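Colleague: My questions will all concern the structure given below.
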Amino acid sequence: MAVNGPGPDGPDGGDRLPCGTSLDALLDHLREGRPTAHERACPHCTAAAEELRVLTAARDEAVADLPAAPPGLADRVMRTVRAEGRSSGYIALPGPPGPAGERGWTRIRTAAVAALFRAACDTVPGAAVGHCRFSEGPDGIAVELSARFTGEVPAPRLAEELRGAVRAAALHHLGWRLARVDVRFH
């Protein structure tokens, strides 16, 4: 399908076919089952429509095979988005020594590290973790988790399981030995 790149080519600013028809408008008309006379006769529009039919049929087939989203998934995702806000920056991770013994560095977003720690906590039944912050102090890296109960696991045991999950993820994925993991339930 030949399309021009996105740009301010018209009121919708979307991709346009060589005939000038907006790809978004064509897709909308096809979804509604009401293509215009031009779209039915134009070779560019009919070729694009056929490709779109194939893609939408494949998408519909793939969606039909997907299991339903677990209850509360949207709430958990939005809680995570609200908890972290915008990424506050990067952290440098030392790489393995090279052939001459020098070390390289990898930059990773702090939000990605927090997401890694929250994902590790998701494996622990009985709690949902919202805020996840970490900082580097004189003793090393400290992590602070904010969690709420989702089951009936006693708080001390649940906190220890969350600490263990975060420590294991930090060591395995980042090579960090954490100085402290604080868990606050609310």
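The values are calculated or read from the model by the stated rules, or taken from the named source; none is laboratory data. Quick caveat: nothing in here was measured; it's all calculated off a predicted structure. All Cβ positions, glycine included, derive from the backbone under ideal geometry; neighbour counts span all protein chains shown.
Colleague: V183 versus (1) more than 22 Å from the chain's Cα centre (by Cα); (2) not in a strand (DSSP E or B): which is the lone unmet condition?
Modeller: The one condition V183 does not meet is (2).
Colleague: Would you confirm whether or not region 86-98 contains a residue that is within 30 Å of T150 (Cβ to Cβ) and among the hydrophobic types (A, V, I, L, M, F, W, C)?
Modeller: Yes, region 86-98 contains a residue that is within 30 Å of T150 (Cβ to Cβ) and among the hydrophobic types (A, V, I, L, M, F, W, C).
Colleague: Would you mind stating whether A41 is at pLDDT 80 or above, farther than 30 Å from A147 by Cβ and among the hydrophobic types (A, V, I, L, M, F, W, C)?
Modeller: Values: at pLDDT 80 or above: yes; farther than 30 Å from A147 by Cβ: yes; among the hydrophobic types (A, V, I, L, M, F, W, C): yes.
Yes.
Quick grid of which residues meet (1) within 25 Å of Y90 (Cα to Cα); (2) outside the structural domain of P94 (by TED's automatic domain parsing); (3) not small (G, A, S):
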position: R107; (1), (2), (3): yes, no, yes
position: A127; (1), (2), (3): no, no, no
position: H131; (1), (2), (3): yes, no, yes
position: S135; (1), (2), (3): yes, no, no
position: T150; (1), (2), (3): no, no, yes
position: A159; (1), (2), (3): no, no, no
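Colleague: Go through (1) surrounded by fewer than 17 Cβ atoms within 10 Å (Cβ to Cβ); (2) under 18 Å from A114 (Cα atoms) one by one and return the number of the condition I141 breaks.
Modeller: Just one mismatch for I141, condition (1).
Colleague: Is it the case that region 153-172 has a residue that's touching a Lys or Arg at 6+ places or on another chain (Cβ under 7 Å) and either surrounded by fewer than 12 Cβ atoms within 10 Å (Cβ to Cβ) or over 29 Å from L73 (Cβ atoms) (or both)? So that I can check it myself, show each step before the final result.
Modeller: Taking region 153-172 first, the residues touching a Lys or Arg at 6+ places or on another chain (Cβ under 7 Å) are 171.
Applying the additional criterion that residues be either surrounded by fewer than 12 Cβ atoms within 10 Å (Cβ to Cβ) or over 29 Å from L73 (Cβ atoms) (or both) yields none.
No - not one qualifying residue is present in region 153-172.
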